[in-house]
Amino acid sequence: MTRAAAASTSSPSPPGGNTSGPAKPVPRCSWTCAVVASALVALTACGNNPPVPDWQMNAKGSTERAAQAWLIGDSRIEAAEFARARSEVASTGRPELLARVELLRCATRVAALDMDPCKGFEALAADAVPSEQAYARYLAGRSQAADAPLLPEPHRPFAAGSAAPDAAVAAIPDPLSRLVAAGALFQRSQATPGVIAQAVDTASAQGWRRPLLAWLKVQQARAQAGGAADEVARIQRRIDLIAPAGP
């Protein structure tokens, strides 16, 4: 087995599984892996192809670890791993590759309802390809129907808003991609109670504290606005498990 083949079989990727019933393994190359692999020029090439450069394998591993650290709520590790990934990609002198890595980071933010501007990508947007510019607009809640063909396939139904968002989100098999879609809908004020519930269940099934806490707070605010005191209290008990109050 070549070094590249070893990378394809052992590289980490975010955990997967469905959100109802026992967890089931997802395909090895989940949403994060797929984005990183295409962004960094087929990192897991194998067989008779030339060995994959060290920067590609290092960047792939660091971007995956950064995404996972962000989702579980470890900002320190996320920052360190992302800085490492950024340094590896910057060594190529190719801003279009660096733009893709920044875009991945922005997507994990949207999954956890962190809607701050994607400044890292914006600084490199002039060198980004049209599909990535469309994806950035989608994450920012500014996509239009014309962007749909340029988006990753799971996100195309949401380019200009979906008539059936609950079903469209449920049809996305990868958990992180599902959360990104839910976050994009929330950005456009189109997240239904069903979408919010799916986001909560998805983050909970993966043990992703950061998006789970964010989506539970949205769910709780909706319950509070509807005067559902028992539901507010139930959600607060879940919140307290994830982020217990200090003494």
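Considering only segment 63-91, state which residues are in contact with a Leu (Cβ under 8 Å, 6 or more places away or on another chain) and β-branched (Val, Ile, Thr).
Residues satisfying the conditions are THR63, VAL89.
Can you tell me which residues in segment 94-133 are surrounded by fewer than 18 Cβ atoms within 10 Å (Cβ to Cβ) and among the charged types (D, E, K, R)?
Scanning segment 94-133 gives ARG94, GLU96, ASP114, ASP116, LYS119, GLU122, ASP127.
Go through segment 102-145 and give me each residue that's in a loop (DSSP other than H, G, I, E, B) and under 14 Å from LEU185 (Cα atoms).
ALA112, LEU113, ASP114, MET115, ALA140, GLY141, ARG142, SER143, GLN144
Only one of SER75, SER91 is touching a residue at least 24 places away in the same chain (Cβ under 8 Å), surrounded by fewer than 23 Cβ atoms within 10 Å (Cβ to Cβ), of a type in the set (Ser, Thr, Tyr) and more than 21 Å from GLN187 (Cβ to Cβ); which?
Selected residue: SER91, the only one of SER75, SER91 that is touching a residue at least 24 places away in the same chain (Cβ under 8 Å), surrounded by fewer than 23 Cβ atoms within 10 Å (Cβ to Cβ), of a type in the set (Ser, Thr, Tyr) and more than 21 Å from GLN187 (Cβ to Cβ).
Note down all Cβ pairs under 9 Å where the first residue falls in segment 113-125 and is free of Cβ contacts under 8 Å to residues at least 60 places away in the same chain, the second is among the small types (Gly, Ala, Ser) and in a loop (DSSP other than H, G, I, E, B), and they're at least six residues apart or on different chains.
That search, which allows pairs on different chains as well, returns PRO117/ALA140; CYS118/ALA140; PHE121/ALA128.
Among (1) farther than 28 Å from ARG137 by Cβ; (2) at pLDDT 85 or above, where does PRO25 come up short?
For PRO25, the exception is condition (2).
Quick one: which of ALA112, ALA83 is within 20 Å of TRP215 (Cβ to Cβ) and either in contact with a Cys (Cβ under 9 Å, 6 or more places away or on another chain) or at pLDDT 95 or above (or both)?
Going through ALA112, ALA83 in turn, the sole match is ALA112.
For (1) at pLDDT below 95; (2) of a type in the set (Gly, Ala, Ser), each residue gets a yes or a no:
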site: ALA197; (1), (2): no, yes
site: THR202; (1), (2): no, no
site: ALA205; (1), (2): no, yes
site: LEU212; (1), (2): no, no
site: ALA225; (1), (2): no, yes
site: GLU231; (1), (2): no, no
site: ILE239; (1), (2): no, no
site: ALA243; (1), (2): yes, yes
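Residues that are buried (at least 17 other Cβ atoms within 10 Å of the Cβ) and among the polar types (S, T, N, Q), at least 2 per element: which helices (runs of 4 or more DSSP H) completely within segment 159-247 meet that?
175-187, 193-206, 209-225
The values are calculated or read from the model by the stated rules, or taken from the named source; none is laboratory data. Small disclaimer: the values here were computed from a predicted structure and weren't measured. Here the Cβ is made from the backbone with ideal geometry for all residues, glycine too, and neighbour counts use every protein chain on show.
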